[in-house]
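Let me begin by presenting the structure, written as structure tokens, before commenting on it.
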Amino acid sequence: MSAPTMAERKACWGARDEFWQCLDRHGDDASQCEKLRLSFESRCPQQWVKHFDKRRDFLKYKKKLETEGYRPPEAAGKS
């Protein structure tokens, strides 16, 4: 795979941002954003799509930790 051009990277990032904004508006209901997801997947290399999906999950988790703090699971340490 050759490296994407600057125009291809911008198109990928733009499609990702539109998809993420749609998810934010619809409470992560992916069914409401199917067309944008397809556009995102068609404009970005598959490895990038996987990376961005993991990145979004991480950013949501990080935000939750910052706002709610860490709460260990109830069953942790019990055997």
### Query
Just wondering, is there one or more residues in region 42-51 that are touching a helix residue (DSSP H, G or I) at 6+ places or on another chain (Cβ under 7 Å), of a type in the set (A, V, I, L, M) and in contact (Cβ under 8 Å) with a residue 24 or more places away in the chain?
no
### Message
Restricting to region 26-45, give me the number of residues that are in a helix (DSSP H, G or I) and modelled with pLDDT of 95 or more.
### Response
11
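Yes or no, residue by residue, for (1) open to solvent by 60 Å² or more (accessible area, probe 1.4 Å); (2) within 20 Å of ALA7 (Cα to Cα); (3) among the hydroxyl-bearing types (Ser, Thr, Tyr); (4) in contact with a Gly (Cβ under 9 Å, 6 or more places away or on another chain):
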position: ASP24; (1), (2), (3), (4): yes, no, no, no
position: GLY27; (1), (2), (3), (4): yes, no, no, no
position: GLN32; (1), (2), (3), (4): yes, no, no, no
position: LEU36; (1), (2), (3), (4): no, yes, no, no
position: GLN46; (1), (2), (3), (4): yes, yes, no, no
position: LYS60; (1), (2), (3), (4): yes, no, no, no
position: LEU65; (1), (2), (3), (4): yes, no, no, no
position: GLU68; (1), (2), (3), (4): yes, no, no, no
position: PRO73; (1), (2), (3), (4): yes, no, no, no
### Query
TRP13: within 12 Å of the chain's Cα centre (by Cα), within 25 Å of TYR61 (Cα to Cα) and open to solvent by 90 Å² or more (accessible area, probe 1.4 Å), yes or no?
yes
### Query
Given the conditions (1) part of a helix (DSSP H, G or I); (2) exposed (fewer than 12 other Cβ atoms within 10 Å of the Cβ), and given that SER2 satisfies all but one, which numbered condition is not satisfied?
(1)
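The values are calculated or read from the model by the stated rules, or taken from the named source; none is laboratory data. Here the structure is a predicted model, which means the values were calculated and not measured. Note that we place each Cβ from the backbone using ideal geometry, even for glycine, and neighbour counts take in every protein chain shown. The accessibility values were calculated without ligands, DNA or RNA, using every heavy atom of the protein model including side chains. Shrake-Rupley method; radii C 1.70, N 1.55, O 1.52, S 1.80 Å.
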